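All remarks here apply to the structure that follows.
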């Protein structure tokens, strides 16, 4: 059995290996102990209830029920979702009702053999290390309390509810639905067998938009793909976007907090470009202002836009909890990751795939332009930035050797370009004098090494990535 540890976004493990009913109960009891002993800001909210949602993975509904029964048996009242739920719906419910927090049963974009537990704090976003370390400290300290669901429902300790409609009502108010419905847009949505379901189609129903949804049925095996909105998982959708002559293809991940985008030419956009589009839309079309937050593997393109508009840009380690932390403390317009997870001002401090998708459609509607034309104009003004990423399995014994190598004998240049800065806040990021960069970091949720690169064109970005792979293989 592996150790239960909360990584960059919750605890994830292989179902029936470490992610067992017994371990889930153990985590639930540690959460109950934290909630009952918490003296922080979360303890001051009026409504002491916890909301619990779950994704479409194998047994997710049963794990959610199990956690609800442990929390309620400890005296913590629970709102339990009556159906698979997008993660942002859980976060919205917390913020909307001023609840003490929430739990989401999901392994997000991980392979089907994984499941996981995310805890959302009273502010409606990812729990930071200050909270998750307390969960870990309570593990195994108390005897697990448990009562059957039927008893706890009868006692009024657990209430079943559909929490999704209110979140979708908020989303409809955030974008100009009337304008969107007036445009003849043809959209393809891929829910990747996750909790995104056909919500984008439902929201745009009754207007001129034609929305087709694929993979919105429940399939715990995710059709043999990982429910992560990137290639090759999006290849089928990207091809259909091209052959079906759609204006845009939108894909939401397993728990619908992230977005992938396919263009009419069949090309899949990077998460960097998705965030860039959303930032420019909020700035230029919606006339909103505020700070910008991206992770260390973010793009120089965002930095250039921030300089042009005189916006403060923050860089955080990888993990949305760090972005969330800044969003609740500072006046942040947009915060996002390179994986397509973006949060917005005047919303929740949480990624929202459905809202992100609708905002991109709103951008096209407000500008009366096709997405390819919008992207070409961005390249013309700011220059081209191509981003690449590679995930490598790296045995535990080689991880330490690699970190030691990067620490004691880092490269002096990459492809002949001198390294002018090394950022060690989260892994190792080597920045060259031509603004190209290479980054190597160990994943916080999976046993792999992530290699990232960015350069002025795809060929160069791939070559930089290959240099990173060679460094990893040299240990």
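The values are calculated or read from the model by the stated rules, or taken from the named source; none is laboratory data. Bear in mind the structure is a predicted one, so any value in this text is a computation, not a measurement. Don't worry about glycine lacking a Cβ; one is built from the backbone with ideal geometry, like all the others, and counts go over all protein chains shown.
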Output for region 151-196, where each listed residue is touching a helix residue (DSSP H, G or I) at 6+ places or on another chain (Cβ under 9 Å), in a loop (DSSP other than H, G, I, E, B) and closer than 30 Å to residue 48 by Cα: 155, 157, 163, 194, 195, 196
Residue match in region 172-184 (condition: closer than 27 Å to residue 112 by Cα, buried (at least 21 other Cβ atoms within 10 Å of the Cβ) and modelled with pLDDT of 95 or more): no
Selection within region 437-469 - in a loop (DSSP other than H, G, I, E, B) and crowded, with 23+ Cβ neighbours inside 10 Å: none
Strands (runs of 3 or more DSSP E) contained entirely in region 1-95, each with at least 2 residues that are touching a helix residue (DSSP H, G or I) at 6+ places or on another chain (Cβ under 6 Å): 47-54, 78-81
Of the criteria (1) modelled with pLDDT under 95; (2) buried (at least 24 other Cβ atoms within 10 Å of the Cβ); (3) in a helix (DSSP H, G or I), which one residue 274 fails: (1)
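Yes/no matrix, rows are residues, columns are (1) farther than 25 Å from residue 447 by Cβ; (2) buried (at least 24 other Cβ atoms within 10 Å of the Cβ); (3) touching a residue at least 40 places away in the same chain (Cβ under 8 Å):
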site: 16; (1), (2), (3): no, no, no
site: 44; (1), (2), (3): yes, no, no
site: 47; (1), (2), (3): yes, no, yes
site: 64; (1), (2), (3): yes, yes, yes
site: 80; (1), (2), (3): yes, yes, yes
site: 92; (1), (2), (3): yes, yes, yes
site: 95; (1), (2), (3): yes, no, yes
site: 102; (1), (2), (3): yes, yes, yes
